[in-house]
1. Using the Karplus equation 6.51 cos²θ - 1.76 cosθ + 1.60 (θ = phi - 60°), what ³J(HN,Hα) coupling, rounded to whole Hz, does each residue of the range A:74-90 give in order, writing x for Gly and Pro?
2. Taking other Cβ within 10 Å of each residue's Cβ, how do B:Glu199, B:Glu235 sort, fewest first?
3. Stokes-Einstein diffusion coefficient for the range A:531-632 at 10 °C in a medium of 1.306 mPa s, Rh from the Kirkwood formula over Cα pairs: what value in µm²/s?
4. Once phi is turned into θ = phi - 60°, what whole-Hz ³J(HN,Hα) does the Karplus curve with 6.51, -1.76 and 1.60 give for every residue of the range B:117-134, x standing for Gly and Pro?
5. What Kirkwood hydrodynamic radius do you get for the range B:62-187 when you take the inverse of the mean 1/r over all pairs of distinct Cα atoms, in Å?
6. For the range A:196-369, go through all pairs of different Cα atoms, get the mean of 1/r, take its inverse, and jot down that Kirkwood value in Å.
7. If amide H atoms are built 1.01 Å from N in the plane of the peptide, which residues on other chains or at least 5 residues away come under 5 Å of the amide H of A:Phe581?
8. Using +1 at the C-beta of Lys and Arg and -1 at the C-beta of Asp and Glu, which of A:Gly587, A:Thr179, B:Ala238 has the Cα lying farthest in the positive direction of the dipole of the protein assembly as shown?
Amino acid sequence: MSGIARRRFLIGSAALAGGATIVACAAPERESQVQSFVLQPELSLPGQELWFATTCAHSACGNSVVVRTIDGRAKKVEGNPAFPVNQGKLNVRSQAGVQSLYHPDRLSVPKRRRGLRGANEFEDLEWPAGLDLLSEKMSEARSVVVITGPMSGTRARIARDFATAFGGEHVVYETVESTVWRKTVQDGLGARRLPYLDIANAHSILSFGADFLSTWLSPTQYGVGYGEFRQGHGERGRLIQVEPRMSLTGANADSWVYVHPGQEGVLALSIAQVIAAEGLAPPDNWFGVVSEIGGLEALNAYAPDLVSERTGVPVERIQAIAREFASHQPGFAIAGGPALASTNGLDNGLAAMLLNHMVGSLGQPGGLLPNPDLRSTVTPPTEPTSFADLAGRGNTWLEGEPPDVAIVFEADPVYGMPEATRFADALGKIPFVVGIGTIMSETLGHADLVLPSTHAFEEWGDYVPDPAPRQHVVGLQQPVVTPSISGRSFGDILLTLWHDLRPNLAPPWDTMRDAVRANAAEVFRGGDFEERWVELLKNGGGWNDDWAPEFTRTPNWHINLLAEPAFSDNGVEYPLHLIPFEGVALGGGDETANPWLQATPDPISTATWTTWVEMNPTTAAALNVSRGDVVRIETAHGEFEAGVYISPAAAPGILGVPIGQGHSFGGRWREDRGSNVLASLAPLTVAGAGGLAWAATRARVRPTGDYRQLPTIEVLPNARNDVEEVIVQVTNGNGDHHK
Amino acid sequence: MSSSANEAAARASAVSEMGRTIPTDAEVPHSEGVRWGMVVDLDRCTGCQACVVACQAENNIALNEEQRVLERRAKTWIRIERYWEGEFPNAKARFIPVLCQHCGNAPCETVCPVWATYHNREGLNVQVYNRCIGTRFCANGCPYSVRYFNFWNPEWPEPMNNQLNPDVTVRTKGIIEKCTFCVQRINRAHVTAGTEGREIRPGEVQPACAQSCPTSALVFADLNNPESYPAQLAEAEADRSYTLLEHFGTDPGVIYLKKVDPHAEIHEDEHAHAGAHA
C-alpha cells in the first residue's frame, strides 16, 4: 500500500465496525464459524433482540429510527418514539432501509472502469489498490469537485472542508429541488431556515401543489401533524389543495382545485383580493403589507372575475376558497410541487406567502412558525445547489475548464438532469471521476473508480433535520450491525485521503466516529460527556428548545413582479402539459433498486414497478388510447414510453408521469424498467431561484400500437385477460363503500 | 327413525365428533375476556402505504415482483384500497386500509376441513400454517379478500434473507396466509407480562402497521376493555363508526370511522348515479 498508510486504513475499518474486525466480501468471519457461547461477537446474544437508535440520514427523510437486531442482523426498522421529528412513526422509505442494507446487488468491492464511460464495464479491485488509485489522482489534482446528495452535520462539514482543502467545492444535488421553497421563505418571510408547519394546531391549510403527505420535505413529520389536524382537536382542520395534477395530498383534501400550470400565483393573489375586498381578515393584518408590495390597486387587478379564465378556476370557487381559508383560522398557505416548478415558481410561492401575512397566522400557533437558528458549532444542512448553478458548471466543464477530479456520493445527476443539459458529457470531461455508493447508479456508471460505501445502518454520522420541529435537533447515527461487505463510509474515505495527502490541513479526527463524538461534545456541553454520549446514542440524538428569530413583516417582493409562466413550446406542436411527480415510495428515483418500494402501489393509480401516464378519459379518447396502451410521449427535448392509466382525477390536457424509473444501472429490480421522464424535460429554470422548472415542459402523445397490462393492485370489473375498464364511480359518496 | 333421519343423525354426530376435535389453544398464554381489535379512522388515513411496507417487513411476506402483481397474486396482508368518487374536476379519492377483519363469526373458519384456521381466545382469527392443506375454501369464503394463497415458494436472494423476522414462519407453497395482527408481538408481550406477573398493559403491544402509521389512523387494543383508547374512540365516534360488509353478520374486529367530507353535499347529484364495483 503506497499512497495510503495501511495502519490508517485498518483504523478506519475497525471503527466502522464499532470495534469488531471485518473481512472483505462476506459475512463477518466470526459470525460464520461455530463459536463457543462465551466467545460471541460483540453484542450478539443468540436469540436475543437488541434495539439501536440511529438515523436514516441517507434517505434525507429526517427520521430517527430504532433498528431491531437479532444475532447481529437488522430485522426491522421502527420510528424512534423519542425523536421530535417523526415521534415514533415512519414512512415507506424508512421502513425499507433493511432491504437496501441486505440488497443482493449491493456494491461489495471497489471497481475500476475498463471500457468506455457509461458502458458498465468494470474490473474488481482490492481496497488498498482502489484507495491508492484515488490517492494518486488526488495528489496530482489542482481542483476537485465533491458532488453529494443533501447532507448535514459532521458529514457535510467534512465534505465542504475537504473540497476546500483540495482547491474545490462541495456541490449538493437534489433530484427534486427544495431550492425554490428555500428562496420563497427567505424572500417572503425573512426566514433563514425552513419554517415549521404547525399542522396539528391549524384549522385550515391552503396548499399550492405541496405534496406534504407524500414526499415534500418531511412527510412523516407532517403526517403526525395531519392526524391531529383532522381529528385531534375540537375543530376539524380543512385542507384545500390547488394543483394541476392530483397529488396524494390533493386526494386527501376537502377541496381539490385544478389550476392551469403556472397560474398558482395568480390564483393566490385572487384569493388575497377576495380576502381584502370582503374584509375576511382584519385590515391591521394586511393593509400595511399589501401597501408595501403594490397596494390594493395592484391587488384588484386579480379580482376573481378578471383571472378566472386565466387560472381555470371559476369565480365562485375562488371566492369560496378565500372564505373557507380565512374563516378557519389559524391556518397557513404553503407552496411546492408544480407551483414552484414553473418558470415563475418563485413568484407563485411569494404570492402564497402573502396570504400568510394577510390572515395573521405567521408565528402563531396553527400557522407557520420560525425554526431556531443553528448553533455555530453545528454545520447547518448544506444549501442545495440549484439546477441553474449545476447546469452552468456543466457548461463550464464542457467548454474546457473541468476540475481534475470529481467525487460523487449518493447523488445521481446523470439520471436527474435533463438530457438537454448534456450533464453526462460534462462529467465525461472531468479526467477522473470516483463514485461512492451502496449500489450502482447512472452517475456511478460513468465513474472511473467506484468505491462501495457502508450503509446508513453500518456507519457513524449525525444529522440536522431540515425543516426542524421547532427545536434545535441533532440526530445521531451509529452502526447497528457489523458490515457484511468491505464498504467504507464516505466520511472515512475523505478523512483517510485528507490525512494522507494534506496532513497540515486535516482535521484532528482519524475516523467519522471521532468526528461525530467531537461534534457532539461541542454541541452538547456540560457534565460528564461520556455519560452524555451514551445517553445521546441511546436516544438517537439530542434536542432542546432554542431561540428562533421572528419572521419579517415585509416580503421582499412586489405584486407587479408576478410573471406569466413560460413553457417549452407555444402549445401548437406540443399541446399537452407534462407534469412529472414523485411517488410516495420511489421519490426521485434513488430508492428504485428496492423491491419493497417498487412493489408499493402508487396511492392514486395503485400501479407498481413501471412508468405510467395519468390521462383524463377525454384526452385518452381524443388520442384513441385506452388503459394499458403504450404511448410515446414526445417533448422538444426527448421522448419516452409509458403505459396509459385513465384517471378520473386527471385534468384534460395534463399528463402526470411518475419520476423514478428508467435506469440502466442499479441491480435486478431497478435496471431496464420503465422510463425516465426527467431526461426529456426542457432545461428551463425558475426565475430568481434557479431551480429546474420541471412543470414547464409541453408534450405530445403518439400511440405505439403496443399494449402492456398495467401492474396495478386495483382489480377492475370485467378484468379478464386483457380486457380492463375504467373505474369512474364506485361508492355512494358517504364513504361507506362496503355497507 | 327413517333412513333419512338416521342419515341426518349420523351427519350431526359426525359434526359433533369433529367439533370435539377442534384444537384449542388452552395451553397458549392468553388473557381471559380479551378481544384484540383495531379502529381505522379514515379521516386520518392518507393512503401513504407506510402500513403496507411495515407489514411486509415484519411478517416475512414474499417479494411482490411485477409478474405477481400482473397475475393478481401479490400478497399484501394489509392493502390500501383506493376508490374514486366523481369525475374531474370534482373527482375524489377515498382510501381504505383493508386487512383481515378477525371476524367474530368468520366465514373462513367454518369451511376449513382441517381447522387450519380457527378463532382463538383473544378474538384472533388464527391461521396454522402446518395444518393448512391449501384447499383455498377459506379464501373463497372470505368476503374481504384478505387471504392469500402461496402459489410459489417465497424467495429472498441472499443476503436479503438476513432481514427475515425469526419470530414469523416463512410460508411455503400450497398454503394460505393472512394478517395475524402480528400475533408474534402479542405472544411476546404475553411472555414478558407473564414473567413480570401482570397482564399486558394498554398500548404495550401494537401490530407493525399501527406502529408505523404516521397519522395514527390505525389504533390497536383490546376492544372489550372499555378503558382502551380504540374502544373509547369507537364509542365517541359512533356516528362515524361502521364495519365492512356488516350485513353479512361476520362481526368484524376491525371498526372503521368514516372520512368526514364537509363538501359532500356539493356533489350529491353526481353521486346519484353511483354504481358499485366489486
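Bear in mind these aren't lab numbers, they're just calculated from the coordinates by the rules spelled out. Computed from a predicted model, the values in this text were never measured in an experiment. A quick note on method: Cβ atoms are made from the backbone with ideal geometry, for glycine too, and the neighbour counts reach across all protein chains shown.
1. Coupling constants for the range A:74-90: 6, 10, 7, 10, 10, x, 7, x, 7, 7, x, 7, 9, 6, x, 9, 9 Hz.
2. So the residues, fewest neighbours to most, are B:Glu235, B:Glu199.
3. Once the numbers are plugged in, D ends up at 80 µm²/s.
4. 10, 8, 9, 8, 6, 10, x, 7, 8, 9, 10, 9, 5, 7, 9, 4, 10, x
5. The Cα-based Kirkwood calculation yields 16.2 Å.
6. Numbers: mean 1/r = 0.0641 Å⁻¹.
Result for the range A:196-369 stands at 15.6 Å.
7. Here A:Val657, A:Ile659 satisfy the definition.
8. A:Gly587
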